[in-house]
Structures are given as structure tokens and as C-alpha cells.
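The values are calculated or read from the model by the stated rules, or taken from the named source; none is laboratory data. On a predicted model such as this, the values are computed, not experimentally measured, just so you know. Heads up, the Cβs are rebuilt from the backbone with ideal geometry, glycines too, and the neighbour counts pull from every protein chain shown.
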């Protein structure tokens, strides 16, 4: 099957590694990469993808008629402009989250999609790059826990202060912790509850541990509700150094007939590896190793680019996730050192 040709614009976040690897693993060709300056991930990017040339100007990649799909991981505040530029050049876009940092940017993206007919897709890696979530989706679809009525999503992260660029500590540059990290959990809430819309019941952001960085929000939470489900989300930058991974990401899916709990990246009970799934219902109380579950996002997006379909994620869903994340960010109570 013919695969799209890709190019990379912006390597300011290491998520670009997973974005590009996902497409290359399908057999896609990458024509080149460009980024402004030399942000910290550049060295790692060049070591991991040594055969991909760096373009002198991103305009060269946008003008290349062979390039079908642009992969973006620029500084968050610049992602909307980069995506719109790419779509108006006739390219589809896969961007890192957050896809934008303001509702005004989101409206401009919607207009560009409507006018160009291009695809604007966010790689929500905590769903699309996690085999455990794929397994949970299969179990839910099979009716293993009945009707899903709630999700509880935790997205803790390690600060890794020494590796963070200046923009990481400026909320107008990264969009705020709810627009950024919590977009993952909003995506999962909508997906597992089958919701096409929702309301943010309450939200808050805080800075409790980093008073010297007034632009850093190190804690956030959301209470979300739709016509088919309820959700609670907590995200933070408090992962302790002793944990053997960057964060103990968890998702609990409550159904009328059972529950599914995901320990995505580590099992504190001692099981090795990642992608731990626990299923409890009327007949089962089981542990499932989901680490070998095949992922589908990259393949489906590649097919969508070539066939002009929407199988990886509907455009409406992508828009709605960012809309809700940005609304939660705007209405959030400010706590801790943010109240001064």
C-alpha cells in the first residue's frame, strides 16, 4: 500500500520522536526536518534519525510536492501558525499536543481546515502510543464492563528541570497545564464515554512546589461531564525521582458491570514493563499484559492522508478535545503560589 511522504517542522519537544518513528515504522519516507535554532531535543533527534537531512528553510519542505504530511512539535504557542501554514501549502498535519494554546487559534485552525480540506490531527500519545489503551478499548467495545459511566485519568509527569527550555516555564508559551497535559485525559474521556460534547463543571490550576517560577503550573484538575458520562482528571509535575519512569500514568474506566484500570507505564506492585491492564467484572478478576497489543493510529492516519478519510480520529473529536481543554484552562481557579 502506498504510504504518505512526511516532513518534520519543529523539534522543540521530544514527542516528535514518537510521531516520526510511528510513520517511519509504516514504511513512510521523511524528506527532511527543520526547526528554529537548536533546541535541546535536536541532538537526540539527529542521533535517532541520522539519515534524514535538515532543511535550511521550512518553506522548502512546504513547497516540496512529494510531501503529504507535516509532523509538528514546535513550541506550543507557534503550533497553530505552523499548522495553518502547512495546510495552506496543501499538506495534512499531525501535531504534538497541545495543538494550539488559545480559542482564537483554534478558530483559525478550524477555518483553515474548512477552506483547504486538509487533515489536522493531534497525536494524543497517551492514547495512540499506549498499547494498554488499545486493549481497554477492545474490552469496552466487547461489553466487558457494561456501559461506561466514568473515567478517572491521572497524568503525573517528572519535572526534569535541568532539561527544560525557557518556554516551559511561561504559561503563555505552553498554554497552561490543562491545555497541555490534560488534553490527553479529555481525549480519553470523550473516547471511552462515546461523547461528542461535554461541559467543564470545574477546573483548577496551581503552583505549589515551584514558587520561583510563577509561569509554571505544576498541578491541575478538571471535573467534566457529558450526556453519557462523568470524568475526573488530575495532572501534575510532581513525579519523584525514585520512580523508574517519567510518570505513573493511570486510567480507570468505570462501567455498570465492572471496571478496567490501566497502569500505563509502571506497575508499583512489581510487575516489569509497561501496559498493565486490570479487569474486574461479574466473571473475571484478571491481570492482562497488553504490551504487545498492536497500535492503530499511525496506520489509520496514513490511510486517511492517502484516501481522504477520517478513521484515525474524527476532525470533530480533535477540535472538541482542544476546545474543552482550553475552556478548562480559561475558567480554572488559581491555587497555591498562583494566587498572589
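What about residue 27, is it on the phi > 0 side of the Ramachandran plot and either at pLDDT 95 or above or surrounded by 14 or more Cβ atoms within 10 Å (Cβ to Cβ) (or both)?
Considered against the rule, which asks whether it is on the phi > 0 side of the Ramachandran plot and either at pLDDT 95 or above or surrounded by 14 or more Cβ atoms within 10 Å (Cβ to Cβ) (or both), residue 27 comes out as yes.
Just for helices (runs of 4 or more DSSP H) wholly inside region 96-155: which have at least 2 residues that are within 16 Å of the chain's Cα centre (by Cα) and touching a residue at least 60 places away in the same chain (Cβ under 8 Å)? Show your work before the answer.
On the way: elements: 103-116, 125-128, 131-141.
Of the helices (runs of 4 or more DSSP H) lying wholly inside region 96-155, those with at least 2 residues that are within 16 Å of the chain's Cα centre (by Cα) and touching a residue at least 60 places away in the same chain (Cβ under 8 Å) span 125-128, 131-141.
If I go through region 18-55 residue by residue, how many of them are more than 20 Å from residue 121 (Cα to Cα), outside any helix (DSSP H, G or I) and out of contact with any strand residue (DSSP E or B) (no Cβ under 8 Å at 6 or more places or on another chain)?
Selection size over region 18-55: 5.
Looking only at region 302-324, count every residue that is over 18 Å from residue 100 (Cβ atoms) and touching a strand residue (DSSP E or B) at 6+ places or on another chain (Cβ under 6 Å) and tell me the total. Lay out the reasoning, then the answer.
Just the residues of region 302-324 that are over 18 Å from residue 100 (Cβ atoms), to begin with: 302-312.
Remaining after also requiring touching a strand residue (DSSP E or B) at 6+ places or on another chain (Cβ under 6 Å): 305.
So the answer is 1.
Residue-by-condition table, conditions (1) on the phi > 0 side of the Ramachandran plot; (2) out of contact with any strand residue (DSSP E or B) (no Cβ under 7 Å at 6 or more places or on another chain):
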{"position": "177", "(1), (2)": "no, no"}
{"position": "191", "(1), (2)": "no, yes"}
{"position": "194", "(1), (2)": "yes, yes"}
{"position": "227", "(1), (2)": "no, yes"}
{"position": "233", "(1), (2)": "no, no"}
{"position": "236", "(1), (2)": "no, no"}
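Out of all the residues in region 312-330, is one or more at pLDDT 95 or above and more than 25 Å from residue 122 (Cα to Cα)? Give the derivation first.
Kept after step one, since they are at pLDDT 95 or above, are these residues of region 312-330: 312-330.
Subset that is more than 25 Å from residue 122 (Cα to Cα): none.
Checked against the condition, which is being at pLDDT 95 or above and more than 25 Å from residue 122 (Cα to Cα), region 312-330 yields no hits at all.
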